[in-house]
Amino acid sequence: MITTKQRAQLRSMSNQMDTIFQIGKGGISDETLRQVSAALEARELIKLRTLETAPVTSREAAVEIAEALGAEIVSVVGSRFVLYRESENRKRIFLDK
């Protein structure tokens, strides 16, 4: 569980990030979860978005993916959301206490 201060730190880091995944009309599949998990392991912090054709809202997608992968929801704004999961092998982000 990350603190409010750590969430703010991660949110500021995500401002300059590009969106690397889109959830479309196919929704959230096992393949999507596998790819997001691999991206979280490599980057720890990723930005995703839901398209208008997606069967879920960005909040619903964030909750579903975070629960499935053991990630933390950093922020949900409009159609975009940011997830964080500490890497097991390649720790790159060191959060304040």
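The values are calculated or read from the model by the stated rules, or taken from the named source; none is laboratory data. What you see is a predicted model; the values in this text were computed from it and never measured. Backbone-built Cβ (ideal geometry, glycine too); neighbour counts: all protein chains shown. Calculation scope for accessible area: heavy atoms of the full protein, side chains included, ligands and nucleic acids excluded. Shrake-Rupley method; radii C 1.70, N 1.55, O 1.52, S 1.80 Å.
All conditions in (1) under 19 Å from ASP96 (Cβ atoms); (2) exposed (fewer than 15 other Cβ atoms within 10 Å of the Cβ) hold for ARG59, with the sole exception of (1).
Of everything in segment 68-93 that is under 11 Å from the mean Cα position of the chain (by Cα) and open to solvent by 50 Å² or more (accessible area, probe 1.4 Å), the residue that is farthest from ASP30 (Cα to Cα) is ARG80. In segment 16-33, of all residues being closer than 21 Å to GLU86 by Cα and either within 13 Å of the chain's Cα centre (by Cα) or of a type in the set (Val, Ile, Thr) (or both), the one that is surrounded by the most Cβ atoms within 10 Å (Cβ to Cβ) corresponds to THR32. Being closer than 20 Å to ARG90 by Cα and outside any helix (DSSP H, G or I) is a description that applies to LYS47.
Within segment 39-54, if we keep just the residues that are open to solvent by 60 Å² or more (accessible area, probe 1.4 Å) and of a type outside the set (Asp, Glu), the residue that is farthest from the chain's Cα centre (by Cα) turns out to be THR53.
The set of residues in segment 53-69 that are more than 16 Å from ARG7 (Cα to Cα) and in contact (Cβ under 8 Å) with a residue 12 or more places away in the chain comprises THR53, ALA54, PRO55, VAL56, SER58, ARG59, ALA61, GLU64, ILE65, ALA68, LEU69. Across segment 68-91, not a single residue is classified as in a helix (DSSP H, G or I) and out of contact with any helix residue (DSSP H, G or I) (no Cβ under 9 Å at 6 or more places or on another chain). For segment 76-97, a residue qualifies if it is touching a residue at least 12 places away in the same chain (Cβ under 8 Å) and aromatic (Phe, Trp, Tyr), and the qualifying residues are PHE81, TYR84.
Look at GLU88 and say whether it is modelled with pLDDT of 95 or more and of a type in the set (Asp, Glu).
For GLU88, the condition - modelled with pLDDT of 95 or more and of a type in the set (Asp, Glu) - is not met.
Annotation note: Cβ proximity below 9 Å between a residue of segment 1-22 that is in a strand (DSSP E or B) and a residue that is exposed (fewer than 14 other Cβ atoms within 10 Å of the Cβ) (sequence gap 6+ or interchain) occurs for PHE21/GLN35; GLN22/LEU51.
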